Amino acid sequence: MNNYRFISKCIIALLSCIIGLSSCRNDNKIPTNEIHYTTIDNSVLPFNFDEGRIVSNSYVPDKNVCILKLDKDVTEIENRGFSACSSLKSITIPPSVTKIGVDAFSACSNLTSITIPQSVTKIGKYAFSGCSSLTSISIPESVTEIGNDAFYGCSSLTSLTVSKDNKVYDSREDCNAIIHTESNTLISGCKNTIIPPSVTEIGSSAFSGCSSLTSISIPSSVTKIGKYAFSHCSSLTSISIPESVTEIGYNAFRGCSSLTSITIPPSVTEIGEETFYDCSSLTSITIPPSVTKIGWYAFYGCSSLTEVRIPNGCNVDKSAFWNCPNVQIIRY
């Protein structure tokens, strides 16, 4: 009888795991390697676990994912480990973890809190992209590498800080941003970011996907705005670029659908590919005499654009104003 009860419990536990397997990944296969555990409700959770790493195609039953605690054997969360686990709200990462991989928590749209332990040295690109409920991130002193778009689409972020003991990154002057210390490049910001006057570059994708950003002041110390820097900041209504800026990267303001006006300084010599792509609320713009080239699709989809003033010596790609049905180009 005891054996019968034991076997029955095992079958029930196994069926519970199988039912929830597809909630986070859709690969429809059951990991055959080590079974890992959490301390949520003592439920058994199956992971694709390999020599201390939670690797791609990890599995977490949806019903148990509200609060997740990994045990101390985990050393790495590999690429896409928890990607698209939409019911995950909170996770405790043990101090044994040294790496958070590419897309590790991407599209975990209900994740509200996470603590990155002092052991982590690398955060991969897109690691937390699409975590739209995440409100704060604190980078410990151990982190020496942060990939592009690590916090893309984290629209609820209000606090973005770096430990004062970190030797590679900082959050000087309580700026609510991550700055690469040596190069003075702001690599990641949020809706509460105030760019310090010591920053010389707004890095690639620094504010990309920050849909709650409504305004930003760029100090005169900035000379370069990187590619995709403000792309898909859909609530950004206006921006004035200081005369110190000489370079605006391609796709820098792509998808800024609420942007109605922008001032381009006479220090800029080129407007690159797709810079203002799909800025559908932009009504008019004056290109300064310093600009000698406007790249392909630069203003594509700017459907509200009615007037553009362009200097006579400027070379305009034929696709620059495609899908701008009401635009009138005035040469001066």
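Among the residues making up segment 76-112, a single one is open to solvent by 50 Å² or more (accessible area, probe 1.4 Å), modelled with pLDDT under 90 and β-branched (Val, Ile, Thr): Thr92. Which strands (runs of 3 or more DSSP E) does segment 255-332 wholly contain that include 1 or more residues that are open to solvent by 50 Å² or more (accessible area, probe 1.4 Å), farther than 29 Å from Ser221 by Cα and not aromatic (Phe, Trp, Tyr)? In segment 255-332, 307-310, 328-331 are the strands (runs of 3 or more DSSP E) which contain 1 or more residues that are open to solvent by 50 Å² or more (accessible area, probe 1.4 Å), farther than 29 Å from Ser221 by Cα and not aromatic (Phe, Trp, Tyr).
Any residue at all in segment 191-209 that is among the small types (Gly, Ala, Ser) and not in a loop (DSSP other than H, G, I, E, B)? Looking through segment 191-209, none of the residues is among the small types (Gly, Ala, Ser) and not in a loop (DSSP other than H, G, I, E, B). Against the definition (open to solvent by less than 20 Å² (accessible area, probe 1.4 Å) and among the β-branched types (Val, Ile, Thr)), how does Ile194 come out, yes or no? No, not satisfied.
Report yes if Thr115 is modelled with pLDDT of 95 or more and over 14 Å from the mean Cα position of the chain (by Cα), otherwise no. Taking the combined requirement at face value, the residue does not satisfy it. Looking only at residues of segment 236-254 that are among the small types (Gly, Ala, Ser) and open to solvent by less than 60 Å² (accessible area, probe 1.4 Å), we find that the one that is nearest to Ser220 (Cα to Cα) is Ser244. Among the residues making up segment 303-332, those that are within 12 Å of Ile271 (Cβ to Cβ) and either of a type in the set (D, E, K, R) or within 30 Å of the chain's Cα centre (by Cα) (or both) are Asp317, Ala320, Phe321.
The values are calculated or read from the model by the stated rules, or taken from the named source; none is laboratory data. From a predicted model like this one, the values you see are computed outputs, not experimental measurements. We place every Cβ from the backbone using ideal geometry, glycine too, and count neighbours over all the protein chains shown. Remember, those area values only see protein heavy atoms, side chains included, never the ligands or the DNA or RNA. Shrake-Rupley method; radii C 1.70, N 1.55, O 1.52, S 1.80 Å.
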